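In what follows, a single structure is set out as structure tokens and then discussed.
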Amino acid sequence: MRRLCNMVRYAFIIVLNVFIMLVFHSYVNLILLVGLILFPFYSIYGIHKVKESFTLRIVAPDENMERGSRFYLHFFVKNSTWFPVVNATLKLKVGNQFYQEEGIHYLNLPIRAKKETEVVYPVIMDYSGCFRISSESICLVDLLGIYEVTIPINVEAECLVFPGGKERNQEAGKIYMQGVAEAMESREKGYDFSEVSGIREYIPGDKLQNIHWKLSVKKDELMVKERVSVSAMQLNVLVELANDKDMCLESVLELTDSITKAFVMQNLPFTIYYYSTNMGELKGCYIGNEIERIQWLEMLLYDRCYEDAGLAEEMFFKQNLAARSYLYIGHALEDAAAGNIISGEKRAAAVLRG
Amino acid sequence: MLFRKKKKEEVHKGDIFLAKGIYLEKPMMNNGNIIFNCFLRSLIVFLLVLGSIGGFLSAFDISYNYLLVIVVYLMISMYFSFLYALPRFVYRDIGYILFFGIFVLAIYTLKLYANSGFYVCVNAVLNRAQTFFNLSGVREYESQISNDYLTVAIVAIFIGMVSIIILNIWIYSMMSLFWTVLLTFPLLFIPLYMKLTPDSFYMIALGIGYMAVVIFKANGHYLAFAWDTPFKIKGFKERRVVYTQDSGIFRQILITLTLLGFCMVILVESFFSPNAFEHRFKSDRLRDATADSIGNFILLGFAGLYNQYASTGGMSGGKLGGVSNVRPDYLPDLIVSYTPYSNEAVYLKAYTGGIYGDNEWESLYGDPDAVSQNEMDDNTIFEEESMKEQSIALSEAKNTYSARGRMDIKNVGANTAYLYYPYYTLFDDYSIYNNHNLLSSTQGIGAQQEAVYYYYPKIVWEDYLGEDIPEKIDSSQVNPDFLDVPEKNRAVIEQECRQIGLASFMTENEIVEAVRQYFQDNIPYTLKPGATPRNEDFINYFLTRNRKGYCAHFASAATLIFRQMGIPARYVEGYAFSLEAVLDSEMNEGKEASDYYRGYSGIGEAPVMDVEVTDAMAHAWVEIYVNGFGWKVVEVTPGSNETTDEDDFWSAFTAFLSNNAEGNGDGGIRWGDLNLSQYKWLIYVIFIVIACILIFMIGKIGIRKVVRYKRCNQKNLTEAVIASYADICDMVRVCDDDFNLCRSHMEQLEFIISRYSFAIEKETVCQWLEQISFSTKNVSNEEIKTLRSLLHGMRKAIWKAVSLRKKLALCKR
């Protein structure tokens, strides 16, 4: 519509100019008329030249940000021709990959000739996750606004935004010790905290308690469960990444961040589990220091949340990991005894289970 | 829930929503220097106004102080550009009020200059119109201040000021092409219509302005911006962020348009000259169709477009009311050869109005068929009694007061339907006093014909009479029509008589004097009283509502007033000229004075003079009939009282600007006297602009360099080294964009070493840099000094390694 208006306006100017030229025999208007006729060609040619040579860069911060803090995105549009473009519209996709939220955004900017135009976007993310911005296309309009060219351009930038959990060192330390103590107690009672990693034929010297009797009967030969020993002095942490409309997951992440940070600060190693939507399985990760924790958190935020509440715990049970006590971080919990829980915002809480 | 939502909205108030949980604060873009930005923005308005007004003046070849006009236009344009860049509307309003005050003060102080300049322009237009339309008698206005060079500049500035103010509003709020064209192009219609072409420079300026408006309007980036908000949010659903204005684009568009404009002019003129273009048009239909109307308009103003009667001065034949103003052409209508005998005005009578009808003085003897023979005879006797008897008496008197004059009147441009003769002329047939309708076919003075009259001068006649009361003429013989006041005028005339203070007991002389004085004191004389509205009576409208007018108004009103007071009166038209006009005339040495005047003279001996009686000397007056005296001329029209004065300060200012080189005869160049035709002035202007820009840029660079030097050589060695390193990084960044990708000191050093082949121990340097930049750990003075010398060497190595183009770029930092 705007282009049509511009065309009509320009055509009217030409007609008016012709009229004045003919009525007044005006040489001035003849010059203007020639200019008016040639200018659109110049303008359209300029757009095509710019199209061939312009470049776009989007630069996001390299370091990880914290939610609620401001970070800067830089758009660099470089035009190495002599033709300026008054109207260029960049179509951008902006979103949080973790929450699978996405929006379309348009940035209208000038493209100066023989220059690099820089636009800075101060962005704030209320939720943690992976901020991703990508350009789909750029629309270049000629000087007269009567012709436009849309160029697909695929440039993207991303930045991780961490939950920025509050300090919960004391509570976390306490619950860690409690979890480990329960595990020790169970072991003393005869519970075995080793995990079954496979089944094989009996080899002389195998413990009797490892014999899989039911299978041995079926196969008519002795079969034993192969076990991997797990230290009882290590806590398992399970994070439920199910989200709801109230964005409770954000509180879960915040709680996870503060608890894991507290564990690392107090040199308390732990194995953390979550359900990876990208991989379609429960993913565990041993964390012994801050670097490992950050790497795990980055991996988590590159993943995606899901809607099914309790999915991670279900997988956890299936893999027989719930035999000993573990720290469950999620929401909608009713089974927590006092002292076994660290409450977060909304309905998020970390509960010692098992 | 609602509360939380509200709270979140408040947190992100003013931010732009990108996606759920992602918000954008105000985007930033480098807009550049505020002064430079305002300058660029103001250029559009400046070019438009300069193109319009300068184009008009150049087309008529009117010379003016270009430098003054350009500087003032630029300053005003920049001023308003600044106003639009202010963050609050109230500041803009204050700015407007302030400017309005200055404008009023300037108008008040320079009104004479502006008037004079305006007249110079009008005269130039009229001169061209005279040639173009082949008009005779176009009036030339006299300017009160003779320095056209300055006065035209001042009037151009005033008109430009108004244009700039209005254009600013339309351009920076709407970028309206319609209003831009409407405010700038119509002025050029005048020269274009008269086949005059404005200078190419102004046309380029105008073209650039128009194209800039078209471009910015088409793309929508024209709104004035405050400096902290280069973007605005548009289209809520689409989440669109749109920039408002960018000085870089402004500058580049203007440069592009300027180059294209000049190319276009050169291109078109190379292939198609103005003459070749004009020859393509075989006829000028516009001129043919409108020449009469426009010519009439030029002669008569707007009145010329709708007036019912001629108003160029001269005779109107008693017709009143349709004329809004009188615009004499000042060309001679009559040439009168006679010998002056008195310092009083000479009246040449042509038309006598007896009956006041429908906004017209009709002749008493207008229709011979309607007048009985008896009536004619009575009137003839009456006229004879009033004039002839006195003439005969004087001619017969051989004493001191005897005098007789001859007057040759040649009609060179006056209406040929009338006779024009002096008072107290001896005619064989006094029916000559009748009006033109009756006698025009037989007795009017034809074009270029000359009539000879013998007359008995009034002064002699009056002096002869002395204090004696002339013999009574029985007024009962006076035609009662000379005492008639029409019914429609009666109430107004009675009211006017009361206002004047006339009473029945007053003598004729007292009444005449009272009326004359009253008109002089209360009703101003003007040649532009405005036309009498339709369905309004001319005299009533003049006396009750308009209260201003020229001779026909005063004579008509006075005639009815005298009649109301019982004095027979009639309205007379003709020509009247004063002794001043006679003295300005040429002496006719070929004619003997004695042939033209004999007898008593009020001014002594005088030669024969050829007086050019122009249409401006056409006049209307009253004749009253006085018992024992006959018809007597009564002058009731007051004089015009326009005055002029000059301000000493501005006289000095004028002298300063016009530079007295004119008078010293050494051929020196006047201030700002740039010859447009040779484009010299353009070179000066370009030179000055370039010089200013260069000085500005060099100054800016110089200041930056000084600041940088001070930072890098400050007393605090650590800070000095940090500043030096930052400066080196800046140098490298200017030379190579890829340097921006280096995120740490180590990466930066590696980049510099690899690109500029500078050998240093990068780990150590990096360690020192990080220590002095981020760590609290002290670095020894020795280490800092070593680092400093390394950085110094690094700078030199970079400078040596870069190309000349990059060196220039580094110089511009």
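If you go through segment A:261-289 and pick out every residue that is charged (D, E, K, R) and open to solvent by 70 Å² or more (accessible area, probe 1.4 Å), you end up with 1.
The residue that is most open to solvent (accessible area, probe 1.4 Å), among those in segment A:209-223 that are of a type in the set (A, V, I, L, M) and more than 49 Å from the chain's Cα centre (by Cα), is A:V217. The set of residues in segment A:295-316 that are open to solvent by less than 60 Å² (accessible area, probe 1.4 Å) and under 18 Å from A:Q97 (Cβ atoms) comprises A:W296, A:L297, A:E298, A:L300, A:L301, A:D303, A:C305, A:Y306. Among the residues in segment B:91-113, are any assigned to a helix (DSSP H, G or I), surrounded by fewer than 19 Cβ atoms within 10 Å (Cβ to Cβ), of a type in the set (V, I, T) and touching a residue at least 12 places away in the same chain (Cβ under 8 Å)? Yes, because at least one residue in segment B:91-113 is assigned to a helix (DSSP H, G or I), surrounded by fewer than 19 Cβ atoms within 10 Å (Cβ to Cβ), of a type in the set (V, I, T) and touching a residue at least 12 places away in the same chain (Cβ under 8 Å).
Does segment A:60-74 include one or more residues that are of a type in the set (D, E, K, R), more than 7 Å from chain B (Cβ to nearest Cβ), without any contact (Cβ under 8 Å) to a residue 24 or more places away in the chain and within 24 Å of A:E250 (Cβ to Cβ)? Looking through segment A:60-74, at least one residue is of a type in the set (D, E, K, R), more than 7 Å from chain B (Cβ to nearest Cβ), without any contact (Cβ under 8 Å) to a residue 24 or more places away in the chain and within 24 Å of A:E250 (Cβ to Cβ).
Residue by residue, here is whether (1) at pLDDT below 85; (2) touching a helix residue (DSSP H, G or I) at 6+ places or on another chain (Cβ under 9 Å); (3) surrounded by fewer than 19 Cβ atoms within 10 Å (Cβ to Cβ) holds:
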site: B:T180; (1), (2), (3): no, yes, no
site: B:A205; (1), (2), (3): no, yes, no
site: B:A218; (1), (2), (3): no, yes, no
site: B:P230; (1), (2), (3): yes, no, no
site: B:T244; (1), (2), (3): yes, no, yes
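Consider segment B:109-144. How many of its residues are of a type outside the set (K, R) and under 15 Å from the mean Cα position of the chain (by Cα)?
Adding up the residues that qualify gives 21.
Only residues that are over 33 Å from the mean Cα position of the chain (by Cα) and either touching a residue at least 12 places away in the same chain (Cβ under 8 Å) or in a helix (DSSP H, G or I) (or both): list them for segment B:269-278, please. Working first, answer last.
Residues of segment B:269-278 over 33 Å from the mean Cα position of the chain (by Cα): B:270-272, B:276.
Hits for segment B:269-278 are B:S270, B:F271, B:A276.
Of the residues making up segment B:589-600, at least one is open to solvent by 40 Å² or more (accessible area, probe 1.4 Å), part of a strand (DSSP E or B) and in contact with a Ser or Thr (Cβ under 8 Å, 6 or more places away or on another chain).
If you filter segment A:48-82 down to residues that are acidic (D, E) and loosely packed, with under 14 Cβ neighbours inside 10 Å, you find that the one that is nearest to A:N108 (Cα to Cα) is A:E52. Does at least one position in segment A:193-216 carry a residue that is within 30 Å of A:I287 (Cβ to Cβ), modelled with pLDDT under 80 and assigned to a loop (DSSP other than H, G, I, E, B)? Yes, segment A:193-216 contains at least one residue that is within 30 Å of A:I287 (Cβ to Cβ), modelled with pLDDT under 80 and assigned to a loop (DSSP other than H, G, I, E, B).
Which members of segment A:109-120 meet the condition of being within 16 Å of A:I47 (Cα to Cα), in a strand (DSSP E or B) and within 7 Å of chain B (Cβ to nearest Cβ)?
Taking segment A:109-120 and keeping what is within 16 Å of A:I47 (Cα to Cα), we get A:109-115.
If we keep only those that are in a strand (DSSP E or B) as well, we get A:109-111, A:115.
Result: A:L109, A:P110, A:K115.
Checked against (1) within 30 Å of B:V326 (Cβ to Cβ); (2) assigned to a loop (DSSP other than H, G, I, E, B), B:L187 passes all but condition (2).
Among the residues of segment B:511-539, those that are over 25 Å from the mean Cα position of the chain (by Cα) and β-branched (V, I, T) comprise B:I511, B:V512, B:V515, B:I523, B:T532, B:I539.
Checking each residue in segment A:134-146 for being within 7 Å of another protein chain (Cβ to nearest Cβ) and either β-branched (V, I, T) or within 16 Å of A:F76 (Cβ to Cβ) (or both) picks out only A:V141. Checking the conditions here, which among A:F98, A:F131 is open to solvent by less than 20 Å² (accessible area, probe 1.4 Å), at the interface with chain B (Cβ under 9 Å from one of its Cβ atoms) and under 30 Å from A:E66 (Cβ atoms)? It is A:F131.
In segment B:275-286, the qualifying residues are those that are open to solvent by 60 Å² or more (accessible area, probe 1.4 Å) and closer than 30 Å to B:I208 by Cα, and the one that is nearest to the other protein chains (Cβ to nearest Cβ) is B:E278. Surrounded by fewer than 16 Cβ atoms within 10 Å (Cβ to Cβ), part of a helix (DSSP H, G or I), of a type in the set (A, V, I, L, M) and at negative phi: is that true of B:V706 in this structure? Against the criterion (surrounded by fewer than 16 Cβ atoms within 10 Å (Cβ to Cβ), part of a helix (DSSP H, G or I), of a type in the set (A, V, I, L, M) and at negative phi), B:V706 qualifies.
Considering every residue within segment B:746-757, establish whether at least one is acidic (D, E), assigned to a loop (DSSP other than H, G, I, E, B) and either open to solvent by 50 Å² or more (accessible area, probe 1.4 Å) or touching a residue at least 60 places away in the same chain (Cβ under 8 Å) (or both). Explain how you work it out, then say what you get.
Start the filter on segment B:746-757 by keeping residues that are acidic (D, E), which leaves B:747, B:750.
From the residues that got through so far, the ones that are assigned to a loop (DSSP other than H, G, I, E, B) too are none.
The answer is no; no qualifying residue exists.
Taken as a whole, the condition of being away from chain A (no Cβ under 11 Å), at pLDDT 70 or above and farther than 27 Å from B:R88 by Cα does not apply to B:F272. Looking across B:S143, B:S163, one residue alone is surrounded by 20 or more Cβ atoms within 10 Å (Cβ to Cβ) and free of Cβ contacts under 8 Å to residues at least 40 places away in the same chain. It is B:S143.
Among the residues of segment A:4-53, which ones are of a type in the set (K, R) and more than 9 Å from chain B (Cβ to nearest Cβ)? Full working, then the answer.
Kept after step one, since they are of a type in the set (K, R), are these residues of segment A:4-53: A:9, A:49, A:51.
A:K49, A:K51, listed by residue number.
Across segment A:292-327, the number of residues qualifying as in contact with a helix residue (DSSP H, G or I) (Cβ under 9 Å, 6 or more places away or on another chain), hydrophobic (A, V, I, L, M, F, W, C) and outside any loop (DSSP other than H, G, I, E, B) comes to 5.
Which of the residues that make up segment A:117-128 are open to solvent by less than 10 Å² (accessible area, probe 1.4 Å) and of a type outside the set (G, A, S)? First the steps, then the outcome.
We begin by selecting, within segment A:117-128, every residue open to solvent by less than 10 Å² (accessible area, probe 1.4 Å); these are A:117, A:119, A:121-123, A:125, A:128.
Of everything in segment A:117-128, those that are open to solvent by less than 10 Å² (accessible area, probe 1.4 Å) and of a type outside the set (G, A, S) turn out to be A:T117, A:V119, A:Y121, A:P122, A:V123, A:M125.
The values are calculated or read from the model by the stated rules, or taken from the named source; none is laboratory data. The shown structure was predicted, so the numbers you read here are calculated from the model rather than taken from an experiment. Methodologically, a virtual Cβ is constructed for each residue, glycine included, from the backbone with ideal geometry; neighbour enumeration extends over all protein chains shown. When the accessible area is computed, the model is the full protein with side chains, heavy atoms only, and any ligands, DNA or RNA have been set aside. Shrake-Rupley method; radii C 1.70, N 1.55, O 1.52, S 1.80 Å.
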